[in-house]
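One structure is given below, encoded as structure tokens.
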Amino acid sequence: MTRIQRRPAPPARVQALVDCGLDPLLARIYCARGVSARADLDYGLKGLLPPDSLKGAAEAATLLADAIEAEAHLLIVADYDCDGATACAVGLRALRAFGARVSYLVPNRFEYGYGLTPAIVELAAERSPDVLITVDNGIASVEGVAAAREAGIATVITDHHLPGEVLPEADVIVNPNQPGCRFPSKSIAGVGVMFYVMLALRAELRARGTFAGRSEPNLAELLDLVALGTVADVVTLDRNNRILVSQGLQRMRAGRVQPGLRALFAVAGREPERATTFDMGFALGPRLNAAGRLADMSLGIECLATDDGARALNIARELDTLNRERRAIEADMQADAALTLETLEPGSRATLTLFEPEWHQGVIGILAGRIKERCHRPTIAFARGSDGELKGSGRSIEGIHLRDALDLVTKRAPGLILRFGGHAMAAGLTILETDLARFDTAFEAVVRGLVGETPPERCIDTDGPLDPGYMTLASAQRLEGEIWGQGFPGPVFDDVFEVENQRLLKERHLKLALRKGQARFDAIRFNHAEAAPRAIRAAYRLSVNEFNGRSSVQLMIDYFEPA
């Protein structure tokens with residue numbers, strides 16, 4: 001079952017925002033997202049939380065400043081997704097500008113797994129580093145940090161993931177989610193944490209007189225990278241994250257963009273000067289992630305770190321090719337999953353556990369997300385690892401904290417899950433292939449206990465009806481230009497329409513001509529081949545349709561039901 005429900009927007013609070021000069025439509029939308037004052041929408045850099053409120057940032061700055069002065073070798077150990085790649089690029093660019101001797105290492109995820117493991121430390125030690133700096137990983141790397149300490153290598157952990165019961169004994173940990181950290185933005189991405197560490201380091205170097213006689217590096221030049229990593233990692237866009245994203249977008253739209261990002265825009269067929277959060281989440285981010293999923297994320301990092309525009313474009317083309325390959329693999333896996341679902345009967349289940357021997361480890365997370373969206377069930381997809389193990393990637397729905405659910409499984413069936421970690425909406429785990437059926441039963445029982453016997457209902461939150469006067473190209477362009485993302489979703493409206501005409505595009509997308517009163521609108525519902533009734537209640541988004549050099553407004557339909 002799917003239910004359309006409208007977000008509350010109390011008229012008095014909406015009017016208060018209008019009285020502050022906000023457009024009535026935006027006032028209604030923002031009010032429904034908890035905005036109570038115009039100041040909440042001030043995205044100037046002065047509104048950023050100060051670095052000294054982030055526990056460990058000052059200590060990391062001191063350690064790194066000492067290392068720079070001693071001409072020590074700094075080695076960044078990066079994660080293999082877009083957040084990790086952008087965090088690594090921010091670190092490389094800033095540290096080089098500060099005069100550091102710095103390089104990076106991004107391990108192959110299929111060979112070394114996730115985080116700073118002892119095997120990765122052994123690999124890093126071959127480069128004789130004095131300091132290891134993790135970005136977007138490391139908070140759970142107890143054994144890896146111990147191995148680094150034994151090898152005489154200092155460690156600075158910069159991460160944003162939830163810590164376990166035991167913290168690694170690193171020289172410094174910078175993570176807003178570690179115990180005792182008062183930094184209010186707990187949802188900052190890994191790239192944001194690294195950016196803050198670089199801000200603190202610049203302040204420390206400034207205090208030491210490092211920039212006497214020369215200009216300070218302008219770290220604002222890195223905000224396009226920070227914005228990309230923040231949006232692509234789907235972290236909650238609280239006000240601090242919205243400031244980071246807004247500032248990065250402003251730089252993109254002004255043409256002040258890193259060569260690698262400009263190249264990614266080019267291969268995606270988009271323009272930095274018209275950049276939106278949608279571009280970052282669905283055009284640039286996937287192309288970078290494709291490297292980590294199918295090959296080696298060093299390709300993505302090189303794209304972001306180089307100042308050579310031609311080299312950046314060549315790498316971006318390779319990333320685009322990888323992304324096409326990723327989509328083809330994903331399509332095959334989705335076809336396999338569809339056959340599996342026929343025997344699973346998801347309507348009677350609280351969860352879905354999927355596995356096919358030929359599935360690719362790098363794409364199972366995307367597959368789990370697609371199936372979760374289609375079936376509205378917490379979904380875990382598995383692929384074969386090594387030594388008889390299965391690697392799983394899960395995606396969840398509102399109301400089911402996936403990591404906590406897996407923790408319950410481990411408590412009820414000790415030893416069933418070999419390793420796991422993650423967040424409320426996404427998690428990863430490792431089990432033995434021989435335990436797949438037992439895991440399926442245990443996971444189903446845990447989630448069934450949380451949701452009860454009734455399958456969870458899908459709710460689509462909307463901003464209510466939209467006056468035809470606002471259903472214009474100008475409104476669509478304005479809304480696309482605002483800052484939207486996880487926890488601060490883009491506007492979705494719902495209205496009743498007459499269906500005047502409909503046809504299928506490529507046998508899978510439903511193209512519609514709709515009428516509301518005297519107004520007519522073009523609309524499309526992607527990946528939906530079933531015909532619409534003559535009158536529908538639709539949940540939709542305003543979008544800009546570009547065709548043959550002309551722009552027009554189009555309704556992107558997320559869901560409809562008979563009116």
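The values are calculated or read from the model by the stated rules, or taken from the named source; none is laboratory data. Here the structure is a predicted model, which means the values were calculated and not measured. Here the Cβ is made from the backbone with ideal geometry for all residues, glycine too, and neighbour counts use every protein chain on show.
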The stretch 232-271 - residue that is closer than 27 Å to TYR30 by Cβ and touching a Cys at 6+ places or on another chain (Cβ under 9 Å) and, of those, surrounded by the most Cβ atoms within 10 Å (Cβ to Cβ)
ASP233
For the stretch 307-358, name all the residues that are within 23 Å of the chain's Cα centre (by Cα), of a type outside the set (A, V, I, L, M, F, W, C) and under 18 Å from GLY285 (Cα atoms).
ARG317, GLU318, ASP320, THR321, ASN323, ARG324, GLU325, ARG326, ARG327, GLU330
Do you know which of the residues in the stretch 23-54 that are touching a Phe, Trp or Tyr at 6+ places or on another chain (Cβ under 7 Å) and in a loop (DSSP other than H, G, I, E, B) is farthest from GLY469 (Cα to Cα)?
LEU54
Residue among GLU498, GLU530 that is among the charged types (D, E, K, R) and in a loop (DSSP other than H, G, I, E, B):
GLU530
Subset of the stretch 273-295 (residues that are hydroxyl-bearing (Ser, Thr, Tyr) and buried (at least 24 other Cβ atoms within 10 Å of the Cβ)):
THR277
Can you report the number of residues in the stretch 486-506 which are of a type in the set (Gly, Ala, Ser) and at pLDDT 95 or above?
1
Select from the stretch 19-67 the residues that are more than 23 Å from ARG182 (Cα to Cα), among the aliphatic types (A, V, I, L, M), out of contact with any strand residue (DSSP E or B) (no Cβ under 9 Å at 6 or more places or on another chain) and in the same structural domain as ALA100 (by TED's automatic domain parsing) and list them in ascending order.
ALA65
Counting only residues that are polar (S, T, N, Q) and either closer than 16 Å to LEU48 by Cα or in contact with a helix residue (DSSP H, G or I) (Cβ under 8 Å, 6 or more places away or on another chain) (or both), how many does the stretch 178-205 have?
2
Of all residues in the stretch 354-409, count the ones that are hydrophobic (A, V, I, L, M, F, W, C), within 18 Å of ARG438 (Cα to Cα) and touching a residue at least 60 places away in the same chain (Cβ under 8 Å).
2
Can you tell me how many residues in the stretch 400-434 are within 18 Å of HIS160 (Cβ to Cβ) and part of a loop (DSSP other than H, G, I, E, B)?
4
Matching residues in the stretch 113-132 - criterion: being surrounded by 18 or more Cβ atoms within 10 Å (Cβ to Cβ), touching a helix residue (DSSP H, G or I) at 6+ places or on another chain (Cβ under 7 Å) and assigned to a helix (DSSP H, G or I):
ILE120, VAL121
Which is free of Cβ contacts under 8 Å to residues at least 60 places away in the same chain and under 30 Å from MET280 (Cα atoms), of ALA476, ALA437, ALA424, ALA445?
ALA424
If we scan the stretch 296-319, do we find a residue that is under 29 Å from ILE397 (Cα atoms) and surrounded by 19 or more Cβ atoms within 10 Å (Cβ to Cβ)?
yes
Scan the stretch 504-520 residue by residue and report those that are among the charged types (D, E, K, R) and more than 34 Å from the chain's Cα centre (by Cα).
ARG515, LYS516, ARG520
Elements of type helices (runs of 4 or more DSSP H) contained in the stretch 216-296, each with 1 or more residues being farther than 21 Å from ASP79 by Cβ, in contact with a Phe, Trp or Tyr (Cβ under 9 Å, 6 or more places away or on another chain) and touching a residue at least 40 places away in the same chain (Cβ under 8 Å)
239-253
Residue within the stretch 60-69 that is within 22 Å of ARG541 (Cα to Cα) and not basic (Lys, Arg) present:
no
Taking the residues in the stretch 89-112 that are of a type in the set (Lys, Arg) and surrounded by fewer than 20 Cβ atoms within 10 Å (Cβ to Cβ) as candidates, determine which candidate is nearest to LEU225 (Cα to Cα).
ARG96
Matching residues, the stretch 499-527, being of a type in the set (Gly, Ala, Ser) and surrounded by 15 or more Cβ atoms within 10 Å (Cβ to Cβ):
ALA513, ALA523
What number goes with the only condition from (1) part of a strand (DSSP E or B); (2) within 27 Å of VAL234 (Cβ to Cβ); (3) among the β-branched types (Val, Ile, Thr) that THR155 does not pass?
(2)
Tell me the residue from ARG384, ARG374 that is assigned by TED's automatic domain parsing to the domain that holds ARG403, modelled with pLDDT of 90 or more, basic (Lys, Arg) and surrounded by fewer than 19 Cβ atoms within 10 Å (Cβ to Cβ), please.
ARG384
Check whether at least one residue in the stretch 137-159 is touching a Lys or Arg at 6+ places or on another chain (Cβ under 8 Å), more than 24 Å from VAL245 (Cα to Cα) and of a type outside the set (Ser, Thr, Tyr), and report yes or no.
no
When you scan the stretch 188-204, do you find a residue that is in the same structural domain as GLY138 (by TED's automatic domain parsing), closer than 21 Å to PHE488 by Cα and surrounded by fewer than 24 Cβ atoms within 10 Å (Cβ to Cβ), even just one?
no
What are the pairs with Cβ atoms under 7 angstrom where one residue, in the stretch 122-140, is touching a residue at least 12 places away in the same chain (Cβ under 8 Å) and under 17 Å from MET194 (Cβ atoms) and the other, located anywhere, is among the aromatic types (Phe, Trp, Tyr) and surrounded by fewer than 24 Cβ atoms within 10 Å (Cβ to Cβ)? Sequence gap at least six, or different chains.
ASN137/TYR114
Output for the stretch 71-102, where each listed residue is farther than 16 Å from ALA170 by Cβ and either free of Cβ contacts under 8 Å to residues at least 60 places away in the same chain or of a type in the set (Val, Ile, Thr) (or both):
GLU71, ALA72, HIS73, THR86, VAL90, ARG96, ALA100, ARG101, VAL102
